[in-house]
Each structure stands twice: as C-alpha cells, then as structure tokens.
1. Please state which one of K563, K531, K494 is at pLDDT below 95 and out of contact with any Cys (no Cβ under 7 Å at 6 or more places or on another chain).
2. Looking at the structure I just gave you, is D242 farther than 25 Å from P454 by Cβ and among the charged types (D, E, K, R)?
3. Considering only residues of region 320-349 that are more than 23 Å from A203 (Cα to Cα) and small (G, A, S), which is surrounded by the most Cβ atoms within 10 Å (Cβ to Cβ)?
4. Looking for something free of Cβ contacts under 8 Å to residues at least 24 places away in the same chain, over 22 Å from the mean Cα position of the chain (by Cα) and farther than 22 Å from Y282 by Cβ - is there at least one such residue anywhere in region 360-370?
5. Every residue in region 342-354 that is out of contact with any Asp or Glu (no Cβ under 8 Å at 6 or more places or on another chain) and not hydrophobic (A, V, I, L, M, F, W, C), please.
6. Out of all the residues in region 265-282, which are among the small types (G, A, S) and assigned to a strand (DSSP E or B)?
Amino acid sequence: MEKQVTFKNNNLREKEVTMKKYPKFMVWCKTFGILSFMAVLAVSTGCTTMQGQATSQQKAMVATGVTNDWPTYNGSYAGDRFSRLDEITSRNVSSLRKTCTFDTGEKGTFQNGPVVVDGVIFLTTDVNTYAIDGATCEQKWKHIRDYSPHSWLGNNHGVAYLDGRLFRGSGDGHVYAIDAKTGRTVWDVSISDPKRGETIPLAPIAWNGMVFVGNAGGDTFGVTGHVYALSAMDGHTIWRFDTVPEAGPARATWPNASPENPPTGGATWTSYTIDTQNGILYIPTGNDAPDFVVALHPGKSLYTTSVLALDARTGRIAGYVQPVQDDQHDHDVAAAAALIVTRGGQQLALAAAKDGILYGIDRSEVRLDASVDAREKLAPQSLVIRYRAVTTTRDNLDTLLSTDKSVRFCPGAQGGSEWNGPAYNPTLNIVFVNATDWCTSVKLANPDTLRGQPGMPWTGSADPQAPFGRQDPKEMWGGWLTAFDADSGAARWKYHSSAPLLAAVTPTAGGLVFTGDLLGDVLAFDAASGKILWRDHVGNPMAAGVVSYEALGHQRIAVAAGKLSPLWPLESGTSRIIIFSLP
C-alpha cells in the first residue's frame, strides 16, 4: 500500500528546523577532494579544498562516475543522467508501483531536480529545503529561509552536495550552505542584486572544495551573467567569470551598446557540468537582450547563447562555441551540456537548446594551457559543432520580426529544451532529448523609442501584457522525446506527446528511459525501440526531476510533480515527490 506523508505549515518562527536525525552515516574520510594529481595541483595553486567528510558512495562517484545514488542535479558531474542500476528492467517494469508520496504542502513553482545521497532525498522549493527518506518518504528535516519580496518566477532547481553539506541559491541573490545531516545553516553569502532582477535559481555543482553557481535575469534590463566559484568551506568568492566581459575583444562584439541599450543577457539558470579528469567546467548561457530586437544587438554579443569551457580552478576561459547566433527568439542555450565519450570514441558536449536543436559539440581540443583572461583576449574556438539534430517543430525562424505585424515562430519563447537537457545511454550509444512544441507570436516595439527600466523585462515586445510574446493556445501545443545516435545525430526513434515534455529524462542500465509529461503521467520506454512499457498518473504536471537510486537495497524511481511557473497555463495541486519501486 502506498504511504503518503504530508507536511503542514505550522508558521514556525525559526529559520531552520531540525525534524529528525539521520541514521548513522557510513565510514567517513577526511581526504575527500584530494583524489588525483589534478586535485592536489588545485590546492597548491590556491584553490580551497574542504577538509570535510565524504561517504564511500561519493568517493566512488568522483573517481569512477559510478554510484547507486543521484548526487548531482543531472546524476553525475558529467551530467549524462545514466543510472547504472538494473533491478527494474523492461521485463518487470509493468509491476512498478507507488510506494509513498511526500507532499510539501506548497503550491509554488516546482522545477526541482532531487539529489539523493545514501538513500536520503534532498529537494527544494523557492524558500524551503527538505530532506526525506528515499524509501519511506518520511521527512527528516525542513530548512526555511524566506525572503521578501519573492521573485516573480519563484523557481529553484535544486542543491549541490559535497562533504556533508548542501549548497543552493535563492531568489534574493544569496547562496547558502546547509548541513546535510541536521538541516542547519552553515554559511550564507550574497552574490547578486535582486533589485536589478538578478536571482539564483540554478542547481549549483560542487567539486574539489568549490561551489560553482551563477545568476539568472538575462531578460532583465542591464543584467548580464556571472559565474562564481565559492569556497565550500565558508562561501567566499575564489573567482568570478563574466559571461559578458566588461572589456576587451569580447565586449567589442556589442557594437550598439550604450547607457540606453546596455549589454544584457548571457545569464545561467539551470546547472553546469564538469570534466573532473581535466578540471574543465562547462557553462551554458542564455540569450542576449532585448530578446526580440536583433537590431539593438547585432553581431555575436559574446558570450551569450554559447557553451563555455572554463578552467574550474581559475575561471579563465579555455574554449567556446556559439550554437545560436543572431538570436531574435529568446532561444537560450539553457540546459547543462552532457559530457560523454561515444561508442566511436568522440568526446562530445551534448547541448539541447531552446531553438529545437541538439548540438553534438566536439570538446577534445579544449586545453587548459590555452586558457585566457576574457577581459584581454577572445577565447579559443576549441569547441566545434559536429552535428545538429532537430528535436521539435522549427518553422518561420528566418523571418525577421516586425514592428508592423505579429510574426509567429516555432519553437516559441517557451519551446525547445528548457531546464532539462540531454541524457545518454552508453550501452546503446543513444542520446535522449525532451522538447516542447509550442509556438509564439511577437510584434516588435519601435527600436528607436524603446526604453528599458532597471529590474523590468527587456524583451522588445510591443505588448506590455505579453513581454515574452503571445503563446499559441495550449490546445495547439505538444512535445517530443527523441532518441538519437550519439555519434552521428541520426534519429533512432521519436515519441510525440499531446503536451510539452519538460521533465528530466533518465535512462537506466535496465534498458529503460523514464520521463514525464505536463498531463501528469510518468512514463517508462524501452530505450532501444521507444515502446511505452509502463505509465502512471501522478495528478500534477511533471516538469522537474526524475531520478533513479538505491534505498534499502532496492532500486527506486522518484519523480517531482507540481506547478511550473506563471509562464505556463496549467493548474496544479501541491508540490510533491512520488517514489516508485517493484513489489
């Protein structure tokens, strides 16, 4: 029988509350973080390595990428989302059943990607962080950190985990650390200005004593993206990289910049990935702005709509590629790139963008000894696109937007791949991508009279009631899950949904692919053929995490279901986590 656990808001005054204690952790090790020559080198050159505690599961994940947990937003540092658990297979998945539900009692935006360590699930909402038992849904603690005024979207994508601590961002521009065992605040720092429209909704990633995080808000007047490496020990800034450099040749790619038309964009709001063997941090960046008025940002507008390769220890840039150029459709390269090595030996960064294309990007030529200071030199173009594969309907994208009439284009401003990106099954050499099929119509404001205001959207739409354009009625929307050959980008199979597919995609060693749709159905496909083998209705739209992990010796599938955001016309119940397992 399914067990349901519901949390009721008791208007607690304290900012954090310890609900229950964890079971005993496994044997701890004080040398986590110094696992290779590269990590030792990082310490010798000034990076802060936290002398904390690490479970054997974490050590295995860092050293080999193999774990029975789900310790990052995308499962591993490389972000391929592949679970090596195989208890649930194509032969027995039809017996999968709900074992319990954790209900937050909240109705806000829920785009969280759960993280699982030692069978404990960590999840976030806008102001709350929860720890729950991954087998029973029992709440262990709840951390509360409110702020005012709340951000408009109210979204948060999740936590990073390292050495017994959790790290997350907030809508008021803060990043803070929480003790994973007790739920107590460890440190809290401010890195962004919410009055300017800067927020921190992304799921950080933590490695080698550092927490990598950045700001959102790139559709807001004058806001540009910044990537930070913070000390996991106390939160101080180790380095900062500006995705729109303040000087140098990259800044020269903004020829029309002025106080009335400041460089805007290049924000980050989903998550990052790390090549831990080489110490390279991969960053996806958002669109330039005003979103729809290309006349105000002609040229490359570096480093927006790009994938960047940074030296994780110094923040210097070692490579870039700009898959989306001359953007006039709000087509961010938003989701984290999955770092893979294909069956054919290609070292790829797989990036699925809002423009409805999966980019297979060769990363084999990225060299840290070629990295540069972005304020002085252009980054090496050491990332090279090897293939482009279409993930959703693309229509009318070559037509210039107009001040005279509304122009409809697909994918729209909410289309393509959003905060959940590609997943990879190395056994089958298949890449899986979810995408939204939803079109937008935009009429431009007059560029000569367009004026921005700090803290307000800077999109260029002539309709003040629809700054991101008018979306088609939801009766016209849909979604696609496509399986691609990882070496060539050729489509293996496609699944069309009558609702957008925004949820994460998780392939497993059991030959399955799990995901969910906005109708509230969680789905399991045969990874090789695309046949639906199982589905279950969870009662809420699914646009967040889907994770595979082990608890009490058995594989579990946990899904997050709840409200999307004010941009999506869907009703929802309270945000919740639903756990499935075999009988």
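1. Working: K531 fails: at pLDDT below 95; K494 fails: at pLDDT below 95.
Within the list K563, K531, K494, the selection yields K563.
2. Values: farther than 25 Å from P454 by Cβ: no; among the charged types (D, E, K, R): yes.
Answer is no for this residue.
3. Per the stated criteria, the residue is G344.
4. Let us first name the residues in region 360-370 that are free of Cβ contacts under 8 Å to residues at least 24 places away in the same chain, namely 364, 369.
Among the residues that remain, those that are also over 22 Å from the mean Cα position of the chain (by Cα) are: 364, 369.
Checking the rest, the ones that are also farther than 22 Å from Y282 by Cβ come to none.
Looking for residues that are free of Cβ contacts under 8 Å to residues at least 24 places away in the same chain, over 22 Å from the mean Cα position of the chain (by Cα) and farther than 22 Å from Y282 by Cβ, one finds none in region 360-370, hence no.
5. Residue satisfying the conditions is G345 alone.
6. The initial filter retains those residues of region 265-282 that are among the small types (G, A, S), namely 265-267, 271, 279.
Within region 265-282, just G265 meets the criteria.
Let's see how each residue does on (1) β-branched (V, I, T); (2) closer than 26 Å to T72 by Cβ:
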| site | (1), (2) |
| --- | --- |
| Q347 | no, yes |
| D369 | no, no |
| T391 | yes, yes |
| D398 | no, no |
| D404 | no, no |
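The values are calculated or read from the model by the stated rules, or taken from the named source; none is laboratory data. Everything numeric in this text was worked out from a predicted model, so none of it was measured. A quick note on method: Cβ atoms are made from the backbone with ideal geometry, for glycine too, and the neighbour counts reach across all protein chains shown.
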